[in-house]
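The values are calculated or read from the model by the stated rules, or taken from the named source; none is laboratory data. Treat the numbers as computed from the prediction; the structure is a model and nothing was measured. Here the Cβ positions follow ideal geometry from the backbone for every residue, glycine too, while neighbour counts run over all protein chains shown.
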């Protein structure tokens, strides 16, 4: 099974509600879809969201990286030579992690098809149901409380609350949400780098003093300030999770050696795909640091791949794979089943994708 062609396209999916964080507001997903076609007729699918505020990538940069650098490096290669393909994928261009992730996912999809096994089986895992949280966008305290209660009524027992936009309101936001959903719902905060270290400590301690029962706070400070991140981690009781600070295995190693955070959020679009995500998992196992598997604002293809990884690694203790549940429609036939908070993987070969509706080829 050899790579004979790589085709790119775009899928556009409206969201149920605008997605609002401290960094951006989004109304629909516009993701680049990768189709790797082989000489046997097998097709592997991958996906990359253009998340410029986090990865620095746009639709144009993703397509250019794949067409001009990645495709010439791996075309004609045999899918069974996985290690060699991954070496060429990750060495042919610097950064461009979402572009690499989309190709990585499509390669693993084909690798599973080659051996007629789901990817989680190839990686030593087994099929089990996952339970994801749901993201609550940053809005007024009243609107966030309403959205949180709606999510709980739909079966979610864990909420990921976006904060950091007008930080003077953040404590009131969580108080209103906690009042609306009660004390049994798990609440995670994601500040998306919005706070200064001392500001983060002050806000988190006030929330602790108010007994708001936070499970964790994600990326409270700017991604480059590891000393500031460690300062926050050392100064509060609530566990702190690094997200934007961790793209590579080297980033993860530095966080672990410094003990700059209590947890790490692994996202395939930051790591460049499953190949490097597995390296971070191995480091986390060595250092005993639990991980979350997360996603950007992504569709079903890339989130299915992340769910397969979560089925393999026990060090991944928390699941934040709600991207497909935020979409207003499902354009992908096959792959994982996303039923509100429950995610179920099929036993199909690879990732189990069958076809994509409204695939608009762009090359």
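Residue-by-condition table, conditions (1) in a loop (DSSP other than H, G, I, E, B); (2) in the same structural domain as residue 296 (by TED's automatic domain parsing); (3) in contact (Cβ under 8 Å) with a residue 60 or more places away in the chain; (4) closer than 30 Å to residue 181 by Cα:
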{"residue": "201", "(1), (2), (3), (4)": "no, yes, no, yes"}
{"residue": "204", "(1), (2), (3), (4)": "no, yes, no, yes"}
{"residue": "217", "(1), (2), (3), (4)": "no, yes, no, yes"}
{"residue": "224", "(1), (2), (3), (4)": "yes, yes, no, no"}
{"residue": "237", "(1), (2), (3), (4)": "yes, yes, no, yes"}
{"residue": "246", "(1), (2), (3), (4)": "yes, yes, no, no"}
{"residue": "253", "(1), (2), (3), (4)": "no, yes, no, no"}
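Report the residue count in segment 231-261 for those that are closer than 14 Å to residue 219 by Cβ and surrounded by fewer than 17 Cβ atoms within 10 Å (Cβ to Cβ). So the count comes out to 1. Put simply, of 174, 107 the only residue that is surrounded by 18 or more Cβ atoms within 10 Å (Cβ to Cβ), in the same structural domain as residue 313 (by TED's automatic domain parsing) and either modelled with pLDDT of 95 or more or within 26 Å of residue 65 (Cβ to Cβ) (or both) is 174. The sole residue among 59, 74 that is modelled with pLDDT of 95 or more, in contact with a helix residue (DSSP H, G or I) (Cβ under 9 Å, 6 or more places away or on another chain) and outside the structural domain of residue 294 (by TED's automatic domain parsing) is 74.
Taking the stated definitions as given, is residue 331 in contact with a strand residue (DSSP E or B) (Cβ under 8 Å, 6 or more places away or on another chain), in contact (Cβ under 8 Å) with a residue 40 or more places away in the chain, farther than 25 Å from residue 60 by Cβ and in the same structural domain as residue 135 (by TED's automatic domain parsing)? Against the criterion (in contact with a strand residue (DSSP E or B) (Cβ under 8 Å, 6 or more places away or on another chain), in contact (Cβ under 8 Å) with a residue 40 or more places away in the chain, farther than 25 Å from residue 60 by Cβ and in the same structural domain as residue 135 (by TED's automatic domain parsing)), residue 331 does not qualify.
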